[in-house]
Each structure stands twice: as structure tokens, then as C-alpha cells.
Amino acid sequence: MEVHKRPAKKAKAQHAAVASRTSDTTNAVSNGPAPRAPPSQSQIDDHPSIIHAVPPDLHTQIRHDSRRMPYDDFIAKYLTGMHVTMRQLLLVFGLTADASTPDGELTQSLKFVIDTLNAKRQPLEHINNVDDVVTLLKESKKIMVLTGAGVSVSAGIPDFRSVNGIYSRLSEFALNDPQEMFDIEYFRSSPQTFYSFAKEIYPSNFKPTPSHMFIKLLQDRGQLLRNYTQNIDTLENEAGITAVIQCHGSFATARCISCGYAVPGEQIRADIFEQRVPWCPMCSDADEGILKPDIVFFGESLPSTFDNYFASDRTQADLLLVMGSSLKVAPVGNVMNKLPHHVPQILINLESLPHMSGFDVQLLGDCDEIVKYLCTRLGWELPEPRGWSKETRVLDKWSEFVEPNKYVFGKAFFGIRGGKTIVVGDNTNGNISGSASATNKSDQAQET
């Protein structure tokens, strides 16, 4: 591979592995003291007045409000508005406190337990089937859509983690971990490796998919709050989606990793396709002045636009759609737990996500086929993507149901068991696992 105009970089010791974007994240909780253990029966017997002062129906309401209300509003409602004591609230959550414990410590303990209990969202009981999804799409006014690589696969752009995805094609580069290809410290020490591969993911002649046009349709109908995309292919722009945040950046611009000098992405296009390392024309550091596309690498912070918009959007959204994402990259992958838990959340994806069990309904299969099905149910006309030549099946029904809330359209993946991928629906050899009826359960899953 040619290295253009500059001497080869000096060898450097590899930095310690940076924290991966795939690291698990949790909601921050108070640093106050850990709550006491749940009360014993003898302790409960010692507090009859407290037990009887908070009847069971109020217990339920308090727990419900703790999930949907900001903590300060929750405290104002019950302590100020309803004159429930702090010790009564603690007892609702199974905690007791000594009479000598200061109120400030009680407040910290209550916030700790509420944050801990509510950190992971639970599915809503009243939203659990396909008809509910259709109704939500018809009635919602502020829909937040989070998209991943799965919405672009039919355009010919590979995803990252599937069998034939990007990570599976990096064996020739002798990396310790496929993610090193997109690690900022590895890039600093060996930019040639990235630029020998970058043309494979560069958005050149790709066209938007029916999934992109579905999001554009939501925008045209005035229902799209924002599209947060993890993709770097800019197909949202091609589709005409303007309310979009490119969470992981894009190839639209590039900048020097040493001095920060920025250039249009088109300026390094030739270097990418010639597999050359582009050097900064303004930087005096001949060894460090490398131009890098403005895509977010592991070890880099997300653009500030994500935090700025999400802080406002999370209070406005009335529906979350997650499309084509494995939700394994933080912090975008934790969006569903950052929204108020009463906001309905729907997954449209080729694979079920066992690590994300809080979705109200999961529509599993090809994203393009699912959005076409939904548009048929809604009576909406889904625009054909400009220049689109592929034929997408139009399904009139889901093919499999897996309790409690998973609907399979065609074929979907349900993780790995015994080293084999679990497939529900159309098998890879064209067979169907069971009939297309609501009585089909998870025990009809096939191992392939």
C-alpha cells in the first residue's frame, strides 16, 4: 500500500487498551449510603401505624410514580402534597430507618433505591402486540427513531457483527481484536491499516432503503421527533431526512488528529480509494499530522450534538422505535433506559436482543419487509427509494409468535445455543419451522 508524500510513521508502543464503547453502562445513582435490608416481620409488627397509613393501592401508585416522575417532582407530590413521610416512602420500597437517622440521609437512601430499581426498564403491560404497534404509529406525534446498521444492509453496506459483517472480514489484518480497526490509539500508531480497508465502508454509490424512506415518511407526516443514527453512511441525508443526528459521525468531513485542521470529506476521497494515508497540509508535525474521517472511533467521545439534542428530546418523545441496531455500543445503546419508562418502546430488528428485555413489542425480521407490512396495515403509501432496484417482499402477516411479545416476519435470529445460531421462521434451506399462527411458541425454534 502506498503512503503518500510523508515518511513512514515511527514505531510506537501500543497504548493500553482504551475503554470499549461496548462497555456496559448504567444510570448514575446517588453516592449516598446503601439502603438498609428489607424489614423483618418483627420490625413490620413494630410499625403498625406506618403500615396501615399507606394502603396497598397507594403502595402501587407510589411505585408507579417513582418510575415515571422525576425524583424532585415525586418527592414534592408525596411529601409536600400528600404529607406522606420519608419513612413511609422508604417502607413502601422495603426499607426501614432508625428514628435517629437524619432526614438528609433518608432522602439519599430513597433516591438510591429508586434509581437502582428503575434503572432497567420493564415492558408496559398494556402494549404487547402488533395491533398496539399499528395504533401507536397512527397516534404518536413525537417519535424518536434510533437506527443501526441493519437499516442499510439491503443497500449493500455490510453491518459490523453479523456472520458476513465487517468484523468477520478483518482476519487478513492480523488484529488482536477486530475492533482495533476502529480504535483511536491503534489508528495513531498504524493509520495504514485503517486506510487499507476504509474504501470498503465509504459511502459512494449506495442508495437509501425502504427503511430510510419509512423514517422520511414519518417526517413528512409531522410525526418524527428525531432520527438518531449510529450509521456513518449518510443515507439519511440521501433520503431527505433532516431531523437527524449522526451519533457516530460520518465521512462528510475529516480533520487532523494533531492540529484539528478540518477539510471536506471529498478532499480525502481519492486517498481512501487509493489506500493512501492522507496527511494534513497545514500541520508542522510531519509524523503526527494525519487526516482522519470524522467518524467516532473507540476511545473517542461522541459529538456534543448527541447530548445537547437528547437532553431535550427525551422529555418530548411519545414513542421510541429502534431499527436495525444491536444496542451494544454505549451510550446510544442505553437510550431505552434513559427515556421515561412510560414511553412505549418498539424494536424492529433481524435479531432478538436478550440483553435488552424491556421492549414492549419486538418485530423481528428484515427491517424493509416489516416497515412495508406496517405501512400496509396503516394504509400509508411508502415511497420507493430513488434508484432502488431490489424487490422487497410484501408480507400480509407475521409468520411466528414467540411469547410474550415477539413477532417474527419471515426469519429472525434468537442468539446462540450450544454453539449454534437459533433461527425462528424461514430456515436457511427454505424450510418453515411450524405454521404461521399465534399458537407457535418459542419451543418451535430451530437450531441451524
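The values are calculated or read from the model by the stated rules, or taken from the named source; none is laboratory data. From a predicted model like this one, the values you see are computed outputs, not experimental measurements. Please note: Cβ atoms are built from the backbone with ideal geometry, for glycine as well, and neighbour counts cover all protein chains shown.
Per this entry, Ser326 is counted among residues that are touching a strand residue (DSSP E or B) at 6+ places or on another chain (Cβ under 8 Å), of a type in the set (Ser, Thr, Tyr), modelled with pLDDT under 95 and assigned to a loop (DSSP other than H, G, I, E, B). In this structure, does Ser258 turn out to be of a type in the set (Ser, Thr, Tyr) and either farther than 23 Å from Tyr186 by Cα or touching a helix residue (DSSP H, G or I) at 6+ places or on another chain (Cβ under 7 Å) (or both)? Against the criterion (of a type in the set (Ser, Thr, Tyr) and either farther than 23 Å from Tyr186 by Cα or touching a helix residue (DSSP H, G or I) at 6+ places or on another chain (Cβ under 7 Å) (or both)), Ser258 does not qualify.
Any residue at all in the stretch 357-366 that's aromatic (Phe, Trp, Tyr), buried (at least 18 other Cβ atoms within 10 Å of the Cβ) and farther than 20 Å from Val151 by Cβ? Scanning the stretch 357-366, I find no residue that is aromatic (Phe, Trp, Tyr), buried (at least 18 other Cβ atoms within 10 Å of the Cβ) and farther than 20 Å from Val151 by Cβ, so the answer is no.
Residue count for the stretch 150-188, restricted to those that are touching a Pro at 6+ places or on another chain (Cβ under 8 Å), in a helix (DSSP H, G or I) and either modelled with pLDDT of 80 or more or crowded, with 16+ Cβ neighbours inside 10 Å (or both): 3. Scanning the stretch 286-333 for residues that are under 16 Å from the mean Cα position of the chain (by Cα) and on the phi > 0 side of the Ramachandran plot yields Gly324, Leu327. When the stretch 196-223 is filtered for residues that are at pLDDT 95 or above and either more than 30 Å from Val394 (Cα to Cα) or of a type in the set (A, V, I, L, M) (or both), the ones remaining, listed by number, are Met213, Ile215, Leu217, Leu218. Residue selection: Ile232 fails the criterion of being among the aliphatic types (A, V, I, L, M), in contact (Cβ under 8 Å) with a residue 24 or more places away in the chain and farther than 17 Å from Gly324 by Cα.
Does the stretch 120-142 hold any residues that are of a type in the set (Val, Ile, Thr) and either free of Cβ contacts under 8 Å to residues at least 12 places away in the same chain or closer than 18 Å to Phe214 by Cα (or both), and which are they? Once the filter is applied, which keeps residues that are of a type in the set (Val, Ile, Thr) and either free of Cβ contacts under 8 Å to residues at least 12 places away in the same chain or closer than 18 Å to Phe214 by Cα (or both), the stretch 120-142 yields Val130, Val133, Val134, Thr135. Checking Val408, Val371, Val402, Val394 one by one, the residue that is of a type in the set (Val, Ile, Thr), at negative phi and in contact (Cβ under 8 Å) with a residue 60 or more places away in the chain is Val371 and no other. Scanning the stretch 373-397 for residues that are of a type in the set (Asp, Glu), more than 27 Å from the chain's Cα centre (by Cα) and at pLDDT 85 or above yields Glu381, Asp396.
Taken over the stretch 372-400, residues that are touching a strand residue (DSSP E or B) at 6+ places or on another chain (Cβ under 7 Å) and either assigned to a helix (DSSP H, G or I) or of a type in the set (D, E, K, R) (or both) amount to 2.
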